[in-house]
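Read through the structure below, which is laid out as structure tokens, and then see the notes.
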Number of protein chains: 2
Amino acid sequence: MVTSRDVAKLAGVSQSTVSRVFVEGSSCSEKTKTKVMQAAKALNYRPNSFARSLTTQESRLIGLVFPDAEYPLHMKTLQLLSSTLQARGYSAVLIPWQYDDHNQHSIPNIFNYRVDGVIAASAQFNNHLYEECQQFSIPIVQFARVAHNSNSSFAISDNYNAGKMAAEKLKTAGVKRPAYLTGNIPTLTNSERWRGFNDTVLQLYGHAAGLLETNYDYEQALPLISQMLDQANRPDGIFCSTDLLAIALIDSARHQHQLRIPDDLQVLGFDDIPQAAWLNYQLTTFKQDFERLALESINILLAQLSQQTSHQTQLMIPVQLIERSTTR
Amino acid sequence: MVTSRDVAKLAGVSQSTVSRVFVEGSSCSEKTKTKVMQAAKALNYRPNSFARSLTTQESRLIGLVFPDAEYPLHMKTLQLLSSTLQARGYSAVLIPWQYDDHNQHSIPNIFNYRVDGVIAASAQFNNHLYEECQQFSIPIVQFARVAHNSNSSFAISDNYNAGKMAAEKLKTAGVKRPAYLTGNIPTLTNSERWRGFNDTVLQLYGHAAGLLETNYDYEQALPLISQMLDQANRPDGIFCSTDLLAIALIDSARHQHQLRIPDDLQVLGFDDIPQAAWLNYQLTTFKQDFERLALESINILLAQLSQQTSHQTQLMIPVQLIERSTTR
DNA sequence: CTGAAAGCGCTTACAG
DNA sequence: CTGAAAGCGCTTACAG
């Protein structure tokens, strides 16, 4: 590998001068700067980030914790996070997060790389990682969802309000027996959504909303969904915790119970994943602005890094109702 | 941060002894080893990987180039790649790959981190990255798809044979006018699939297969698909380049043209994404063994690293026909 | 503006 | 088996 010393030799300057040319805001004359740049280009020189990190004590590496669940949405988001990070001079290192206990020993070794910060997009997200981060005082920001008992910065959607809007929408659409369908991973974001929904149902209907807790996985969710649809007084309007669950519900209703949507059952999703717009579903749903959430998460994290503070920013942004054909 | 020197002081040994304890295969007595380990645990010591990389000249970082296209499949695969890498002592750094030219200057700076190798899961994958890798002699392995004009190791499915099997399946199912539906990103893997399909159609039917090239994106693919279905002598059996395209085809056929599947049109997919198994689609498709492809890619790359050779391994593994309800 | 030198936290011959 | 020392490739006071 070619080093700054090689470049220095070719350019006829000292090694420290070469270094200065590559450090933002170091003083050096235009003349030597271009001379060094030419030499660097000729030799195809790249400053070694590891050596740099060693002296500056910052790695410009951000750890990304993301869900291992099969969730159609996150690939695009991951791309956005990683390219935005790149644009701001950072790189993203994946922190594969296993839910099972015996794999948790794999976390510590990621900290050998001394990531400057962590973005956590995982729902199920226990205390281990928090403790590790705190121990090394690595700032952490939660993306799109927040775990229970967690105390960190986050950028999420305004879930309480989304729940409220969902209840109002169902009421307006003439639903008599509203219910909430959700998965089995407890998050604060999901609780808030339920709370907003139920508070409003209580207010508008004078009784609590129905609640069905199943699995976030399509296939595993089906049996319970089908069982619910079998009941005599089944709900006639269901707000779903995710679009994927809404799709499972629609599929079960149509194919296992010969129900028409929205005539026999109205369905409201949450996320606005690409599948929601497919001709076959045309799902009415709440769009989470993942693009903005990604940008804001990064802003929050980098601000925390540059200010060296542990001040926590907790941001909520509104969702938008996308009306398609699964509600009236 | 606590360093090996701190641990040494606490354990009453030299700094180099501490280092040896953390280096695989260094000689040291059991007694000092446990003594050092205790001290390390007490101080919550983590060897600094950057410092390590500086002397060993290997980073144990693998660059991951992945598609920015919205493709439902890859999240799970990414998870698998990253956790397998982790288990083998490596970490994954994301290399966000932009297709537009003006973003290509973002690639070089990733090499400041001196990744030991690169896994490329991107279809559209031009020469820039190859050249960079070659310049720094960073081995690269292509995952699941190979670009045209690329010359590197890869682990892919046996696409020619998949095409052959697809033609045979359609013939057996009584299809009269078989066609191939594909996207607009040229890859060798896709060409091979088409070649296998068309060679076999030629042989079984005595004439070439139909060919429709559209876009890999659902929404953008719809207009051309719909137009094709409008034609009088439209195909009655279509092999699709991806499951996503197959789903777009099914949706268009059912919702825009009132065609029944498989009665009026038989559909064959490729990939076996989760959506293929949804009640609404029950898509007959070829399952790519992504789990094995991920494992093998990593094996190939790490073997190349440890042997310090530039010997290229090119691996093809078979696909499996999953019969569901979109064919007879 | 620039050079010489110390130091970041490790690994690894080299002695003992 | 273990310690002292050199070196990996940078950055950053410190002088000039």
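Annotations
Residues are listed down the side, and each one gets a yes or a no for (1) within 14 Å of chain A (Cβ to nearest Cβ); (2) outside any strand (DSSP E or B); (3) within 15 Å of B:Leu64 (Cα to Cα):
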{"site": "B:Ile110", "(1), (2), (3)": "yes, yes, yes"}
{"site": "B:Val115", "(1), (2), (3)": "yes, yes, yes"}
{"site": "B:Arg145", "(1), (2), (3)": "no, yes, yes"}
{"site": "B:Leu170", "(1), (2), (3)": "no, yes, no"}
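- Filter result (within 14 Å of chain A (Cβ to nearest Cβ) and more than 11 Å from DNA strand D (Cβ to nearest atom)) within the range B:1-15: B:Met1, B:Val2, B:Thr3
- Lone qualifier among A:Val21, A:Val65 - being free of Cβ contacts under 8 Å to residues at least 24 places away in the same chain and either in contact with a strand residue (DSSP E or B) (Cβ under 9 Å, 6 or more places away or on another chain) or buried (at least 21 other Cβ atoms within 10 Å of the Cβ) (or both): A:Val21
- When B:Leu302 is tested against (1) within 14 Å of another protein chain (Cβ to nearest Cβ); (2) of a type in the set (A, V, I, L, M); (3) surrounded by 19 or more Cβ atoms within 10 Å (Cβ to Cβ), exactly one condition is not met: (1).
Condition check ((1) of a type in the set (Phe, Trp, Tyr); (2) away from chain B (no Cβ under 14 Å); (3) over 25 Å from A:Asn215 (Cα atoms); (4) surrounded by 17 or more Cβ atoms within 10 Å (Cβ to Cβ)) across all residues:
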{"position": "A:Ala248", "(1), (2), (3), (4)": "no, no, no, yes"}
{"position": "A:Arg254", "(1), (2), (3), (4)": "no, no, no, yes"}
{"position": "A:Pro262", "(1), (2), (3), (4)": "no, yes, no, yes"}
{"position": "A:Val267", "(1), (2), (3), (4)": "no, no, no, yes"}
{"position": "A:Ala277", "(1), (2), (3), (4)": "no, no, no, no"}
{"position": "A:Tyr281", "(1), (2), (3), (4)": "yes, no, no, yes"}
{"position": "A:Gln307", "(1), (2), (3), (4)": "no, yes, yes, no"}
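- Total residues in the range B:48-77, condition at pLDDT below 85 and either closer than 21 Å to B:Leu129 by Cα or within 7 Å of chain A (Cβ to nearest Cβ) (or both): 10
- B:Val18 vs. criteria within 15 Å of DNA strand D (Cβ to nearest atom), more than 9 Å from chain A (Cβ to nearest Cβ) and over 30 Å from the mean Cα position of the chain (by Cα): yes
Here is a yes/no grid of residues against (1) in a loop (DSSP other than H, G, I, E, B); (2) within 26 Å of A:Met1 (Cα to Cα); (3) outside the structural domain of B:Arg114 (by TED's automatic domain parsing):
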residue: B:Leu10; (1), (2), (3): no, no, yes
residue: B:Val21; (1), (2), (3): no, no, yes
residue: B:Ser26; (1), (2), (3): yes, no, yes
residue: B:Lys31; (1), (2), (3): no, no, yes
residue: B:Thr34; (1), (2), (3): no, no, yes
residue: B:Met37; (1), (2), (3): no, no, yes
residue: B:Ala40; (1), (2), (3): no, no, yes
residue: B:Leu54; (1), (2), (3): no, yes, yes
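- Residues in the range A:21-47 that are within 13 Å of DNA strand D (Cβ to nearest atom), more than 24 Å from B:Thr56 (Cβ to Cβ) and within 14 Å of chain B (Cβ to nearest Cβ): A:Val23, A:Glu24, A:Ala40.
- Strands (runs of 3 or more DSSP E) fully within the range A:236-324 that include at least 2 residues being more than 20 Å from the chain's Cα centre (by Cα): A:237-240, A:266-271.
- Of all residues in the range A:174-217 being of a type in the set (D, E, K, R) and in a helix (DSSP H, G or I), the one that is surrounded by the most Cβ atoms within 10 Å (Cβ to Cβ): A:Arg193
- Test: B:Arg145 is of a type outside the set (A, V, I, L, M, F, W, C) and under 17 Å from the mean Cα position of the chain (by Cα): yes
- Boolean, A:Ser59 is buried (at least 17 other Cβ atoms within 10 Å of the Cβ), away from DNA strand D (no atom under 15 Å from the Cβ) and under 37 Å from the mean Cα position of the chain (by Cα): no
- If only residues of the range B:151-173 that are buried (at least 19 other Cβ atoms within 10 Å of the Cβ) and among the hydroxyl-bearing types (Ser, Thr, Tyr) are counted, the one that is nearest to B:Gln314 (Cα to Cα) is B:Ser153.
The values are calculated or read from the model by the stated rules, or taken from the named source; none is laboratory data. Worth saying up front: this structure is predicted, and the values here are computed from it rather than measured. Cβ coordinates were reconstructed from backbone atoms using ideal geometry, including for glycine residues, and neighbour counts include every protein chain displayed.
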